[in-house]
Amino acid sequence: MRIGIALPNTTTGTDGPLMMDWARRAEERGFAFLSTIGRVPYPSFDSLTSLAAVGGATSRIGLLTNAVLGPTYPDAVLAKITSTLAQLTGDRLTLGLGVGARESDYRASERDFDGRGAAFDRQLEYLHRAWRGEPVEPGDFPGEHRAVAPAGNAVPVLIGGHSKRAVRRTVRWGAGWTGAGGGPRRAEPTIREIRDAWREAGREGEPRLLGLAYFAADLRHEAESDRYIRGYYAYAGDHANTIAEGVVRTPAAIRAIIDDFASVGMTEITFTPTVARLEEVDRLADLVL
C-alpha cells in the first residue's frame with residue numbers, strides 16, 4: 001500500500017507558508033505523494049498551482065490531483081498546464097480527473113454542466129494527443145496547425161467516479177481509478193468492475209486504485225476538524241454526515257483504515273487533513289510509516 005498525504009489546500013486556516021512547509025515535511029517523513037482536493041467556488045488554493053509551487057520546493061515526492069474537474073477547463077489550457085507541471089517536476093505528476101456532481105463548479109467556470117460527460121470523453125483523447133506533442137486541432141490561421149505543449153511523457157491519469165462510464169474511461173485512458181470520498185465499502189463494487197474490465201480489455205499489469213481517508217491525528221482538535229468537514233460538504237445534505245462520521249481521529253482508526261482499504265483491493269491511500277496544523281504531518285507519519 002502506497003501512503004500519501006494531502007496538502008491542506010482547502011482546510012480552514014491554511015496559508016501559503018504552511019502549504020510549503022507541509023510539503024517539505026511530508027517529503028522528509030517519507031510519504032509517497034502529496035495530493036489535493038478542490039472546488040471552484042470555494043476559498044481554497046488551486047490544485048494545479050499548489051502542486052507547481054510545492055513541486056519546486058521538493059525533489060522526490062509524487063504529486064497528485066484528487067481530483068481536478070477536467071471539463072471545467074478548456075482542453076488546450078489543461079493540456080498546457082499539466083504538461084508544463086509534469087515536465088518541470090521530473091514527471092512526478094499524476095492527474096486525478098473527474099466530472100463532479102456540483103453544478104456550481106461549472107457555473108463558476110462558465111462551462112456546460114449538462115454536457116460535461118461528453119466533454120470529458122473528448123478531453124481525455126485530446127490530453128493524451130497533446131502530451132505526445134501532436135497537433136490537436138487545425139487552428140484558425142495558416143501555419144497555426146501545431147502542438148499546444150512540448151512533447152513529453154503521458155501524464156498518468158486516475159479517473160474518478162462510480163458510473164459505468166467511469167469504469168470505461170479508466171480502462172481506456174487511465175493508469176487507474178480514484179475513489180475520492182465515501183470509504184472502502186462504497187468503492188468495493190466499482191473496484192471489482194474495474195479489475196474485471198481491465199482484464200477483459202487486455203490491459204497489462206494492475207490498475208492503480210486510490211482511496212481517500214479524511215483524518216485528524218490529535219483528538220484535541222476534534223471540534224475544529226468536524227466544523228471544517230461539515231462546512232466543506234454542506235452542499236451534500238445528509239451525505240455530509242456520512243463523510244463527517246468517517247473521519248479517522250484515533251491511532252487505532254487511522255491504522256485500521258489502511259487495512260480496510262487494502263481489504264477491498266485498494267493499492268494506494270491518501271490521508272486528507274481536516275486540521276491545518278503542521279504537526280499533523282508528523283503525527284500521521286508516526287502512525288502509518
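The values are calculated or read from the model by the stated rules, or taken from the named source; none is laboratory data. No experiment lies behind these values; they were computed from the predicted model shown. Counting neighbours? That spans all protein chains shown, and the Cβs are built from the backbone with ideal geometry, glycine included. Just the protein is used for accessible areas: all its heavy atoms, side chains included, with ligands, DNA and RNA removed. Shrake-Rupley method; radii C 1.70, N 1.55, O 1.52, S 1.80 Å.
For Leu127, indicate whether it is farther than 24 Å from Thr267 by Cα and either touching a helix residue (DSSP H, G or I) at 6+ places or on another chain (Cβ under 8 Å) or in a loop (DSSP other than H, G, I, E, B) (or both).
For Leu127, the condition - farther than 24 Å from Thr267 by Cα and either touching a helix residue (DSSP H, G or I) at 6+ places or on another chain (Cβ under 8 Å) or in a loop (DSSP other than H, G, I, E, B) (or both) - is met.
Per the listing Ala187, Ala217, Ala197, the residue uniquely over 30 Å from Pro251 (Cβ atoms), of a type in the set (Gly, Ala, Ser), touching a helix residue (DSSP H, G or I) at 6+ places or on another chain (Cβ under 9 Å) and open to solvent by less than 50 Å² (accessible area, probe 1.4 Å) is Ala197.
Please find, within region 1-31, the residue that is surrounded by the most Cβ atoms within 10 Å (Cβ to Cβ) out of those that are under 14 Å from the mean Cα position of the chain (by Cα) and closer than 24 Å to Ser83 by Cβ. Ranking the qualifying residues of region 1-31, first place goes to Leu7. Every residue in region 149-171 that is in a loop (DSSP other than H, G, I, E, B) and in contact (Cβ under 8 Å) with a residue 40 or more places away in the chain, please. Ala149, Pro150, Gly152, Asn153, Val155, Pro156, Gly161, listed by residue number.
Residue count for region 236-256 satisfying the condition of being out of contact with any Asp or Glu (no Cβ under 7 Å at 6 or more places or on another chain) and within 18 Å of Glu280 (Cβ to Cβ): 9.
Can you tell me which of Gly117, Gly174 is in contact (Cβ under 8 Å) with a residue 40 or more places away in the chain, in contact with a helix residue (DSSP H, G or I) (Cβ under 9 Å, 6 or more places away or on another chain) and open to solvent by less than 40 Å² (accessible area, probe 1.4 Å)?
Values: Gly174 fails: in contact (Cβ under 8 Å) with a residue 40 or more places away in the chain.
Testing whether each residue is in contact (Cβ under 8 Å) with a residue 40 or more places away in the chain, in contact with a helix residue (DSSP H, G or I) (Cβ under 9 Å, 6 or more places away or on another chain) and open to solvent by less than 40 Å² (accessible area, probe 1.4 Å) leaves just Gly117.
Annotation: of all residues in region 250-269 being aliphatic (A, V, I, L, M) and open to solvent by 30 Å² or more (accessible area, probe 1.4 Å), the one that is nearest to the chain's Cα centre (by Cα) is Ala262.
Just checking, does region 141-158 include any residue being within 26 Å of Val40 (Cα to Cα) and open to solvent by 90 Å² or more (accessible area, probe 1.4 Å)? No, there is no match, as no residue in region 141-158 is within 26 Å of Val40 (Cα to Cα) and open to solvent by 90 Å² or more (accessible area, probe 1.4 Å).
For region 71-95, a residue qualifies if it is under 16 Å from the mean Cα position of the chain (by Cα) and closer than 16 Å to Arg116 by Cα, and the qualifying residues are Pro71, Thr72, Tyr73, Leu78. Comparison of Ser83, Ser104, Ser163 shows that the only residue that is over 23 Å from Glu204 (Cβ atoms) and surrounded by 15 or more Cβ atoms within 10 Å (Cβ to Cβ) is Ser83. For region 96-122, filtering for residues that are of a type outside the set (Gly, Ala, Ser) and in contact with a Gly (Cβ under 7 Å, 6 or more places away or on another chain) leaves 3. In region 32-63, which residue that is in contact with a strand residue (DSSP E or B) (Cβ under 6 Å, 6 or more places away or on another chain), farther than 14 Å from Pro8 by Cα and among the hydrophobic types (A, V, I, L, M, F, W, C) is most open to solvent (accessible area, probe 1.4 Å)? Once the filter is applied, the top-ranked residue is Ala32.
In the condition set (1) among the charged types (D, E, K, R); (2) open to solvent by less than 70 Å² (accessible area, probe 1.4 Å); (3) in a helix (DSSP H, G or I), Glu134 is compliant with all but (3).
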